[in-house]
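Structure record follows, encoded as structure tokens.
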Amino acid sequence: MAEIIDGSENVSVQGILNWILLLAIFSIITVIGNSIGFSHPIGDSLIGMAILSLITLAGVWMERYLPFNISSIIYISVMGIVLAFPGMPTSDILLYYVSKVELLSIVTVFLAYVGIGMGKSWNEFKALGGKAVIITVIVIASTYLGSAIVAHCVLVMTGVPA
Amino acid sequence: MLILVVIAELIGTIKIPITHDVAITIMPLIYTIILGLAFYLAKPIKWIKRKQARIAEGAMMLFIGVLIAKLAVSSGQSITLIFEMGPALILQEIGHLATILVLPIALLLGFKRESIGMTNSIGREPNVAVVVDKFGFNSPESRGVFAIFIIGTVIGTIFISFVVTLSLSFLPLHPYAFAMASGVGSASMNAAAIGPTLAAFPGMETQIEAFAGFSNLLSFCVGIYIVIFLAMPLTEKLYDILEPKIGKDSITQKKEDD
């Protein structure tokens, strides 16, 4: 994630207005996908995306302007968790609108950007040997399977029903 | 401004697969990644050039934020459940140490000290920072971790959704375990891993999103200390033990000729 944050600094995506514009575009695309793929009402999901965008904006802003060395990811996560906390006055409204935005709609649009970003590393990627690719593939698979198996064992040991 | 509109237009094109690809669940995600990459690589399409790609990357910080916010809202909603599952959530972070088991394979393939950088972790941004900090920018260890980073950037998202899909069909694990495992410490891989998991367990969306998001947050804040204090020393120790036995000189020589 540091890469993305670094990336933003040498790219002309500055200023809160640009951020809002980008988030607005992202929201609209997501909402369109959301209504096509999951047939959620456009109005409600737009409000949901607006809420998520606001949390994001606040988090990114805090990372830049608060004097702590904390990533925006952490600010955003904490805000999201606290705002949705059961019993918080905000939680009912928040949950209603945010639940109208499917995670998969966000993911799909997001990964399209990841794909574009990937192109940048394409030449470096081609320069690396096939052996390094083999290692990477095994590393990724083992980190996933490792934690899946540990999680499963702990869940079974602590008696969590499936 | 123009660039932004262009990006929007591009995404508009990619949007289409979602409508008719409900059956094969990983397809929409994979589609968009590959299309995004293809649009960049297809040089005839002039408007997605390197600069736009960099802007897309800069903007990604914001879009990751939206993704994280959505996951955080799910986590907050299920906070009591998360506390109940606390032990599993924390211990599964230890499961990421499984990457060290790849070290012998790296040695057998002829990597030397590069293998330490390659196999101490999944090699995402925080891990790269740890390795570079410890061994220096021009060390073989850093070369190793950079290689994993770049390859992971290019094929990681596609590959992990493939691994997840296979695991879901062949491993009889707890749904929560799949959700927790998808938090590998990379937002894009996290996103790509959640998709198939959500599709496999309908009706558990909120719990899966909650665990996946929280686990990724844990990987991000706690995982780095596991790498520094546990994974890295273990990898080095294992290297010292194994390298004299199964390390191969000739291939390293060849690698340096490359």
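None of the figures in this text is laboratory data; all of them are computed from the coordinates on show. Values in this document were obtained by computation on a predicted structure and should not be read as measured data. Counting neighbours? That spans all protein chains shown, and the Cβs are built from the backbone with ideal geometry, glycine included.
Under the Karplus relation 6.51 cos²θ - 1.76 cosθ + 1.60, θ = phi - 60°, what is the ordered set of whole-Hz ³J(HN,Hα) values for region B:79-92, x standing for Gly and Pro?
My calculation for region B:79-92 gives 4, 5, 4, 5, 5, 4, 8, x, x, 4, 4, 6, 5, 5 Hz in order.
Counting only pairs 8 or more places apart or on different chains, how many lysine pairs in region B:79-257 have C-alpha atoms closer than 14 Å? Before the final figure, lay out the partial values.
Numbers: B:LYS112/B:LYS237; B:LYS112/B:LYS245; B:LYS112/B:LYS248; B:LYS112/B:LYS254; B:LYS112/B:LYS255; B:LYS237/B:LYS245.
Taking region B:79-257 as the scope, the lysine pair count is 6.
Order of A:ASP44, B:ASP133 from fewest to most other C-beta atoms within 10 Å? If you can, show how the numbers build up before the last one.
Numbers: A:ASP44 18, B:ASP133 11.
Listing A:ASP44, B:ASP133 from fewest to most nearby Cβ atoms yields B:ASP133, A:ASP44.
Could you let me know the centre-to-centre spacing of region B:83-134 and region B:139-210, using Cα atoms, in angstrom?
If we compute the Cα centre of each part, the gap is 15 Å.
Could you list B:PHE83, B:PHE201 in order of exposure, starting from the residue whose Cβ has the fewest other Cβ atoms within 10 Å?
Numbers: B:PHE83 9, B:PHE201 16.
With the sparsest Cβ surroundings first, the list reads B:PHE83, B:PHE201.
How much net charge surrounds B:LEU230 when only the other residues with a Cβ under 12 Å from the Cβ of B:LEU230 are counted, with Lys and Arg +1 and Asp and Glu -1? Please report the intermediate quantities before stating the final value.
Details: positive: B:LYS237; negative: B:GLU93, B:GLU236.
Net of charged neighbours comes to -1.
With a Cα-only, solvent-free Debye model of region B:97-244, what are the log10 I(q)/I(0) values at q = 0.14, 0.20 Å⁻¹?
Scattering profile of region B:97-244, log10 relative to I(0): -0.69, -1.17.
For the residue pair B:LEU101 and A:ILE16, what label-to-label distance in nm results when each label sits 7 Å from Cα along the Cα-to-beta-carbon direction?
5.0
Work out from phi, with θ = phi - 60° and the Karplus expression 6.51 cos²θ - 1.76 cosθ + 1.60, the ³J(HN,Hα) of each residue of region A:74-81, listed in order in whole Hz, and give x for Gly and Pro.
Couplings: 5, 4, 4, 4, 5, 4, x, 5 Hz.
How much FRET efficiency would the formula 1/(1 + (r/R0)^6) give for A:ARG64 and B:LYS245, where r is the Cβ-Cβ distance and R0 is 51 Å, rounded to 0.05?
It comes to 0.50.
Per residue of B:170-178, how many C-beta atoms from partner chains lie within 10 Å of its own C-beta, taken as a mean?
Counting Cβ atoms of other protein chains within 10 Å of each residue's Cβ and averaging gives 6.
For region B:114-174, which chymotrypsin sites (Phe, Trp or Tyr not before Pro) pass both filters: DSSP loop (anything but H, G, I, E, B) and at most 13 other C-beta atoms within 10 Å?
B:PHE137
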